[in-house]
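**Student:** My questions will all concern the structure given below.
The values are calculated or read from the model by the stated rules, or taken from the named source; none is laboratory data. In this text, all values refer to a predicted model and were calculated from it rather than measured experimentally. When we count neighbours, we look across all protein chains shown, and the Cβ atoms used for this are built from the backbone with ideal geometry, even at glycine. Just so you know, the surface numbers come from the protein's heavy atoms only, side chains and all, with ligands and any DNA or RNA stripped out. Shrake-Rupley method; radii C 1.70, N 1.55, O 1.52, S 1.80 Å.
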Amino acid sequence: MSSVRVLVGTKKGAFILTSDGKREKWDVNGPHFAGWELYHLKGSPVDPNRIYASQTSGWFGQIIQRSDDGGKTWSQPGTPVGEPTTTPDGMPKGESNKFVYDTSPQTGKPLTTHQHYDGTQRPWEFKRVWHLEPSLSDPDTVYAGVEDAALFRSTDGGKSWHELAGLRDAQGEKWAPGAGGMGLHTIVLDPRNPQRIFIAISSAGAFRTDDAGKTWKPVNRGLKSQYIPDPNAEVGFCVHRIAQHRARPNTLFMQLHWDVMRTDDAGENWREVSGNLPTDFGFPIEVHAHEPDTVYVVPITSDSLHYPPEGKLRVFRSRTGGNEWEALTKGLPQENCYVNVLRDATSTDSLDKCGVYFGTTGGQVYVSADAGDNWKPIVRDLPAVLSVEAQTLS
């Protein structure tokens, strides 16, 4: 029988949840890297035991961790063998200098400035890694989305990183941070075209490359924002997350700051599919593993009230690719619930029936082993959950 491993990043460490294919009883292992923010953990589709993790701290900097045994042991791939991973006084040794914006004449772009909250221009400054996306074909290749927004790639298992600087050429001077910073938080690799990658940045928008990251174009036509008076603006949209089904890579679903959106032409045109949702503000969006038209969102009251409408924690599911949505509530608290579900905190497994997972800022991780019909908590009292990634193991 297949089994499931769920990788959970929280504000105070990482946790690894494991179960058999029934997904009824769970083992909880952790915390790994206790006390650190783990923005994201994700395993390689080629080798599920190869897991990459983003360990970050406002005090100590950024560290990339890698496991080659499913999370049992970890190493810092950028630290040479034998070199200490702590400073002489015992503090963790951050590796922020591993992520350097590329300004070389051969492959880079001049490091100019970008907009700040107040409209002034600020220099680019690396702060942390928001998202890690392992290659679909090579366990040693992995992409990192960072703040200030840029896309980096490693081809040696995380030992060294190189910026795909052409992205900043896509009107980077007009990009501005969202409320949580100017992070590149979504990376979608096209399963049929290795040259094509989609990314999303708060609050610049969605972008696509068709030449493996050399050049990029904004793909935001059809998006709307009350804060952008120009109806023809190409950048400046606060995209919260993008999701894609492997069987239909030209169709993508988006949770925008407001509105749930859909494109069927690889981002050239977007249309709203919010339909009958109680509110179309939220952060995550996910697609069923086997059904390309089954989509999940978690509506939040508003952009200033980051909790479920009426204090009822509900996942909404559309089986028609949007517009018609049903509330999934069985096993979820329907009163006095004021948690949030962040953009990377949902995932699905590929078992039959498809398992759906999400984590909350209250420290709960929920599972539905029947595609959302019934829910139960795996754990209730973790630190605030930042990311959830499910792995199906044979």
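**Student:** Considering only the stretch 65-84, how many residues are open to solvent by 60 Å² or more (accessible area, probe 1.4 Å) and of a type in the set (Lys, Arg)?
**Tutor:** Final tally of qualifying residues: 1.
**Student:** Open to solvent by 20 Å² or more (accessible area, probe 1.4 Å), under 22 Å from Cys354 (Cβ atoms) and not charged (D, E, K, R): does that describe Thr87?
**Tutor:** Criteria not met by Thr87.
**Student:** For a quick check of your reading of the model, give me the residue pairs whose first member lies in the stretch 164-192 and is closer than 22 Å to Ser135 by Cβ and in contact (Cβ under 8 Å) with a residue 24 or more places away in the chain, whose second is open to solvent by less than 10 Å² (accessible area, probe 1.4 Å) and among the aromatic types (Phe, Trp, Tyr), with beta-carbon atoms closer than 6 Å and at least 6 apart or on different chains.
**Tutor:** Once the first residue is closer than 22 Å to Ser135 by Cβ and in contact (Cβ under 8 Å) with a residue 24 or more places away in the chain and sits in the stretch 164-192, its partners that are open to solvent by less than 10 Å² (accessible area, probe 1.4 Å) and among the aromatic types (Phe, Trp, Tyr) give Val188/Phe198.
**Student:** Of the residues that sit in the stretch 204-218 and are assigned to a loop (DSSP other than H, G, I, E, B) and free of Cβ contacts under 8 Å to residues at least 60 places away in the same chain, which one is nearest to Asp148 (Cα to Cα)?
**Tutor:** Checking each candidate, the answer is Ala204.
**Student:** Still on this model: Can you find, within the stretch 175-193, the residue that is surrounded by the fewest Cβ atoms within 10 Å (Cβ to Cβ) among those that are within 23 Å of Thr107 (Cβ to Cβ) and over 16 Å from the mean Cα position of the chain (by Cα)?
**Tutor:** Asn193
**Student:** Could you identify the single residue in Arg241, Arg246, Arg196, Arg221 that is closer than 25 Å to Ala150 by Cβ, of a type in the set (Lys, Arg), open to solvent by 20 Å² or more (accessible area, probe 1.4 Å) and within 17 Å of the chain's Cα centre (by Cα)?
**Tutor:** Arg241
**Student:** Across the stretch 97-153, what is the total count of residues that are of a type in the set (S, T, N, Q), touching a residue at least 60 places away in the same chain (Cβ under 8 Å) and open to solvent by less than 70 Å² (accessible area, probe 1.4 Å)?
**Tutor:** Qualifying residue count, the stretch 97-153: 3.
**Student:** Would you please name the residue that is farthest from Ala34 (Cα to Cα), looking only at residues in the stretch 381-394 that are at pLDDT 95 or above and in a loop (DSSP other than H, G, I, E, B)?
**Tutor:** Among those residues, the one meeting the criterion is Asp381.
**Student:** Okay, moving on. Asn276: open to solvent by 10 Å² or more (accessible area, probe 1.4 Å), over 20 Å from Ala149 (Cβ atoms), in a loop (DSSP other than H, G, I, E, B) and touching a Phe, Trp or Tyr at 6+ places or on another chain (Cβ under 8 Å), yes or no?
**Tutor:** Yes.
**Student:** Right, another one. Would you mind telling me which numbered condition in (1) touching a residue at least 12 places away in the same chain (Cβ under 8 Å); (2) under 19 Å from Leu332 (Cβ atoms); (3) of a type outside the set (Asp, Glu) Trp270 fails?
**Tutor:** (2)
**Student:** Scan the stretch 329-384 for residues that are among the acidic types (Asp, Glu), open to solvent by less than 50 Å² (accessible area, probe 1.4 Å) and touching a residue at least 40 places away in the same chain (Cβ under 8 Å) and jot them down.
**Tutor:** Asp344, Asp349
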